[in-house]
Amino acid sequence: MPNFSTLSRRQKTLKVNIPYRGSGGPLHLLMDRTGIKVEGDGEWNARKRGGTKRRVWRKIHIGIEGKTQEIRATEFTTSDVGDAPMLLELLDQIPPDQEISSVTADGAFNTRTGHNAIAARGTAAIIQPRKKALPWKPDSPGALARNEALRVSKRFGRTIWRRWSGHHRRSRVKTKLHCVKLMGQRLAARDFDRQVAEFQIRVAVLNGFTALGIPVIESVGCVCPAKGKLGPQPICTKYPPRRVNRPLPPWLPIQNAAVFPLEIVFIRR
């Protein structure tokens, strides 16, 4: 069995194959990024005691499939690399014969180059413009799509635009980034190439876990305080639900809660 030094040396040239199943249909690509620590104290220690002067971060960029929630594209960069250029790198990792239905990202990816790259793949860009954004010169398909999103957002409001466009699905990629950090808040490797391999190994493991199955939550009934009955009816709009991840307390009357598979939903009065 090879020792630790041998494994660490081989990790530098390790090629990790990231498995994925695919949904069998058009791809809804969700993109986001986050930082992960390499060296230095944690946030609490740095805030309370000042921490050490040397603090090193790396940035991880991922693109996941909205339906299966599998990671399909990854990039690992230093902390001084911007977010917008990585959109092109993530798109290039999707095979050309793979149909992409939409690309969803936040305002950091809202650049002319990014919109043109998305339009070149024949897909829709679900990227919300900034609050004080101005229309671009309509000289490309990407600029036209961005100007249309800006017009609708200003005409009906940003909240309604998110609801119509499905921009809220971007929360899934943030959850996936949180899962990456659950496997370790910092990277163990010190060399950049070994850090890339360590990150790709995490992605491969997460895709393996996702392939085992993801929870599907479906409403089966609601106890509506206004109607006072239980039945297969939608959630009452008068008392909107709030999801919580804890057991049902014994002091809560049953008429104030709606029971779902795998979770309890409380209704605010």
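Just a few scattered comments:
- Note on residue 174/residue 139: beta-carbon distance plugged into 1/(1 + (r/R0)^6) with R0 of 45 Å gives a FRET efficiency of 0.85.
- Cut-off under 5 Å, modelled amide H: who pairs with residue 83 long-range: none
- For the range 70-85, backbone phi angles converted through the Karplus equation (6.51, -1.76, 1.60; θ = phi - 60°) give residue-by-residue couplings of 8, 7, 9, 9, 9, 9, 10, 9, 6, 6, 8, 8, x, 7, 4, x Hz, Gly and Pro being listed as x.
- ³J(HN,Hα), Karplus 6.51/-1.76/1.60, whole Hz, each residue of the range 107-118, x for Gly, Pro: x, 5, 8, 7, 10, 5, 5, x, 5, 5, 5, 5
- Cut-off under 5 Å, modelled amide H: who pairs with residue 34 long-range: 60
- Residue 79 versus residue 132: modelled label distance in nm, points set 7 Å from Cα along the beta carbon direction: 2.7
- Residue 72 long-range amide H proximity, modeled H, under 5 Å: 63, 64, 65
- Distance from the Cα centroid of the range 52-116 to that of the range 127-205 is 7 Å (rounded to whole angstrom).
- Cα-based shape type of the range 113-186, given that a ≥ b ≥ c are square roots of the gyration tensor eigenvalues and the cut on a/c is 1.5: prolate
- In terms of its C-alpha gyration tensor, the range 168-220 comes out prolate, because a/c is 1.5 or above and the ratio a/b outweighs b/c.
- Gyration tensor (alpha-carbon) shape descriptor, the range 4-212, a/c threshold 1.5: prolate
- Under Karplus coefficients 6.51, -1.76 and 1.60, residue-wise ³J(HN,Hα) of the range 197-204 in Hz, glycine/proline x: 5, 5, 5, 5, 5, 4, 5, 4
Every number in this text was worked out from the coordinates using simple rules, so none of it is lab data. Keep in mind the model is a prediction, meaning the values are calculated, not measured. Counting neighbours? That spans all protein chains shown, and the Cβs are built from the backbone with ideal geometry, glycine included.
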